[in-house]
Amino acid sequence: MAEGKKYVTPKLDELEKGPWPSFVKEIKAAAQKSPMAAALLGQLEQSYDEKIGHWKHGGIVGVVGYGGGVIGRYSDLGDKYPEVAHFHTIRINQPAGWFYTTEALRGLCDIWEEHGSGLTNMHGSTGDIIFLGTTTDQLEKVFSKLTALGFDLGGSGSDVRTPSCCNGMARCEWACYDTMKVCYNLTMAFQDEIHRPAFPYKFKMKMAGCPNDCVAAIARADLSIIGTWKDEIQQDDEMIKKFADEGLDIQRQIVSRCPTRCMDWDGKKLTINNENCVKCMFCINSMPRALAPGKERGAMVLLGAKAPIVQGAQLSSVLIPFIDLEDEESWNDLKQLLENIWEVWCEEGKNRERVGEFALRVGFGNFLEAIGLEPRPEMVAYPRDNPYVFYQTAKKE
Amino acid sequence: MAEMTVEQLADAMYEMIKEAKGMKKYKATDLQKAMAERFGADKQTCKQAIRLLMDSGRCIYTYFGGSYIEIPPDQPPAP
Ligand code: HEM
Ligand code: HEM
Ligand code: SF4
Ligand code: SF4
């Protein structure tokens, strides 16, 4: 492709300075080959000058049959920057855990250099591979080449968004269940819900292998599945002693920072009152190999997180305190639960009302009843706090 | 009432969208609820009917702060 028009961009150039990666540097590199990327620099500089954004979004773009995956973007300065008059975003379903062969990556880049700006975002906060900037007439071509390469579009709009997970089992000793397997299975089970928007609003699912929650499921997903364990933290006293010998002040740096104060250190032996552990991961992260999640591992299912868009931010709260996710039965339970949630939300939810807002509006207790769950004390909304079960001090006769 | 076929449901949905064109936009759930009310249609058949409308190109998904089902415009959309 030809080199694009060159723009003078003193403000953007500032963002190339310093030791950190710079998106300006990357867009300039892409502009060597892509007139679209070149025009993007021009429009962006103008935006910085005027302190005004020049993008419009929404509308009617997509590939035949799908209601998600393509996000319409247009410039309101199309006359001045015709190359970016259309600048649509494509979301592509990433492989679970974000593992690629270099061959697959090259394939993706080749498609995008031919049919788009060449600019990508690996990966978006939805988890998808993001292709930034193409025109309406290129969409079907990109789609058919992507499918030939074994990729499919992800979700956008009022649908199930591309499920996303940490790469737990593949790389991480804390993983309490196989996040990648669950992510893949959910993606395959709900293809129709991903590609054909039929909900009041978006529905995101994220799977983290342990409470460290590297995919921030608790803050970002309508349905968060977070690894946890039932039994006791695994403890290797030899290793703990080694940490102490090497200068870790276990009393000050570990025990006194445990949020529930459920640990005890007598100078030689660490004792954990596991019944009071809220599985915050702090001690485990601080002493790898000395401490580890228990052996009876599984996951907790939570509902309702969202960023502030129509209403304020919300963290998710517990629906299922513990689910195994290894056997067929618990897998079917999870799928049935999702169907029930969607049924109730589609029936009663308002337009652009996230499921967490909906549950809050009708009351979490009523919501649980509608989806067929019994309230239990372990369904906490915050540590040590649950919205369903109330304790009363016994009255004296 | 005899059960509606997927094709009949798709036609009924199409009529509903056509009548409202320019005045009201429908989401998938609006169509499904209307079909359930009018013909007692079940969710699964409604889904298939919507799929038929999409795959045949009679309808398209649009996005305006939410996903809607509409008849494609005669002209390509002015951005
Ligand atoms: C008024 C203008 C805009 C608003 C209010 C807006 C809002 C949003 C919101 C709420 C999301 C998160 C969506 C989700 O995950 O469901 C999002 C994602 C995104 N937007 Fe925008 N946006 C605007 C303009 C743009 C423009 C002009 C572009 C590109 C030219 C753009 C590119 C993107 C991309 C690539 C994502 C996905 C990022 C990711 O998944 O990490 N947006 N936008
Ligand atoms: C001075 C200019 C910019 C600043 C300060 C900026 C800042 C940021 C920040 C703070 C984030 C969140 C990163 C995170 O979640 O860790 C972000 C995300 C993002 N930005 Fe920018 N950005 C700028 C320009 C751009 C431009 C020009 C583009 C596209 C052409 C862009 C595309 C994106 C996308 C797609 C994301 C989502 C990435 C993700 O969540 O993984 N940004 N940006
Ligand atoms: S969430 Fe837990 S299991 Fe997953 S990568 Fe992070 S630390 Fe490992
Ligand atoms: S995981 Fe957290 S709550 Fe549990 S013992 Fe360790 S520091 Fe305490």
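The values are calculated or read from the model by the stated rules, or taken from the named source; none is laboratory data. The model shown is predicted, which means the values in this text are computed figures rather than measured ones. Every residue, glycine among them, receives a Cβ derived from its backbone with ideal geometry; neighbour counts consider all protein chains shown. These area figures cover heavy atoms from the full protein model, side chains too; ligands, DNA and RNA do not enter into them. Shrake-Rupley method; radii C 1.70, N 1.55, O 1.52, S 1.80 Å.
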### Query
Along the charge dipole of the protein assembly as shown, which of A:235, B:54, A:47 sits closest to the positive end, that is, farthest toward it, with unit charges on the beta carbon of Lys, Arg, Asp and Glu (+1, +1, -1, -1)?
A:47
### Task
Restricting to chain A, compute how many DSSP beta bridges are antiparallel as a %, nearest 5.
80 percent
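In what sequence, largest accessible area first, do A:353, B:3 appear using a 1.4 Å probe? Don't skip to the end; give the middle numbers.
Working: A:353 10, B:3 160 Å².
Largest accessible area first, the residues go B:3, A:353.
What's the magnitude of the charge dipole for chain A around its Cα centre, counting Lys and Arg as +1 and Asp and Glu as -1 at the beta-carbon? Answer in Debye, nearest 20. Display every interim value, and only then the final one.
On the way: 45 positive and 55 negative charges, 212 e Å.
Computed about the Cα centre, the dipole is about 1020 debye.
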### Task
Could you pull the accessible area for residue A:231 with a 1.4 Å probe, rounded to 10 Å²?
50 Å²
#### Entry: Over the protein assembly as shown: helical MRE at 222 nm, DSSP H runs n ≥ 4 each giving -39500 (n - 2.57), nearest 500
-10500 deg cm²/dmol
### Query
According to a simple spin-label model (label point 7 Å from Cα along Cα-to-Cβ), what is the distance in nm between residue A:148 and residue A:347?
4.7 nm
### Area of residue A:194 that stays accessible when all protein chains are in place (1.4 Å probe, Å², to 10)
0 Å²
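Can you give the mean number of other chain Cβ atoms that lie within 10 Å of the Cβ atoms in peptide A:106-112? Walk me through the intermediate numbers first.
Numbers: counts 0, 0, 0, 0, 0, 0, 0.
Per residue, the average neighbour count from other chains is 0.
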### Summary
Along principal axes, largest first, the alpha-carbon spread of region A:1-90 in whole Å comes out as 45, 27, 24
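Peptide A:58-71: average number of partner chain Cβ atoms within 10 Å per residue?
Numbers: counts 6, 6, 12, 6, 6, 0, 5, 7, 3, 10, 3, 0, 2, 1.
For peptide A:58-71, the averaged partner shielding equals 5.
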### Query
Between Rg and the Kirkwood Rh of region A:234-292, both from Cα atoms, what is the Rg to Rh ratio?
0.91
### Task
Please list, or write none, the lysines whose alpha carbon is within less than 18 Å of the alpha carbon of residue A:241, excluding same-chain residues fewer than 8 places away.
A:268, A:269
### Task
Mind checking which lysines have their Cα closer than 22 Å to the Cα of residue B:33? Skip sequence neighbours fewer than 8 apart in that chain.
A:202, A:350, B:18, B:21, B:24, B:25, B:43, B:47
### Message
Rounded, prolate or oblate for region A:10-148? Axes are the square roots of the Cα gyration tensor eigenvalues, ordered a ≥ b ≥ c, and the cut-off for rounded is a/c under 1.5.
### Response
oblate
### Task
Please average, across the residues of A:346-354, the number of beta carbons from any other chain that are within 10 Å of each residue's own beta carbon, and give a whole number.
2
### Query
How large is Rg over Rh for chain A, taking Rg from the Cα atoms and Rh as the Kirkwood inverse mean of 1/r across Cα pairs?
1.04
### Task
For region A:90-192, build the charge dipole from Cβ charges (+1 Lys, Arg; -1 Asp, Glu) around the Cα centre, then report which of A:143, A:111, A:163 sits farthest towards its positive end.
A:163
### Query
Can you tell me the accessible area per residue over region A:140-210, all protein chains present, probe 1.4 angstrom, in square angstrom?
31 Å²
### Task
Obtain the nm distance between the two label points defined at residue B:3 and residue A:33 by a simple spin-label model: each point lies 7 Å from its Cα along the Cα-to-C-beta direction.
5.4 nm
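In whole Å, what three semi-axes, largest first, describe the equivalent ellipsoid of region B:6-70 built from its Cα gyration tensor (square root of 5 times each eigenvalue)? Mind dumping the intermediate values first?
Details: eigenvalues 59, 32, 25 Å².
Working from the Cα gyration tensor, I get semi-axes of 17, 13, 11 Å.
Can you pull the percent of the protein assembly as shown's accessible area that's carbon plus sulfur, 1.4 Å probe, other chains left in place? Numbers along the way, then the final one.
Details: 12490 of 24040 Å².
That share works out to 52 percent.
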## Note on the structure
Burial-style ranking of A:62-74, A:197-209, average other-beta-carbon count within 10 Å with highest first, yields A:197-209, A:62-74
### With DNA, RNA and ligands ignored, accessible area of residue A:243 (1.4 Å probe; Å², nearest 10)
40 Å²
## Note on the structure
The extension gain from residue A:252 to residue A:52, computed as 0.36 nm times the residue separation minus the Cα-Cα distance, is 66.9 nm
### Summary
Simple SL model, points at 7 angstrom along Cα→Cβ for residue B:23 and residue A:188; separation in nm is 4.7 nm
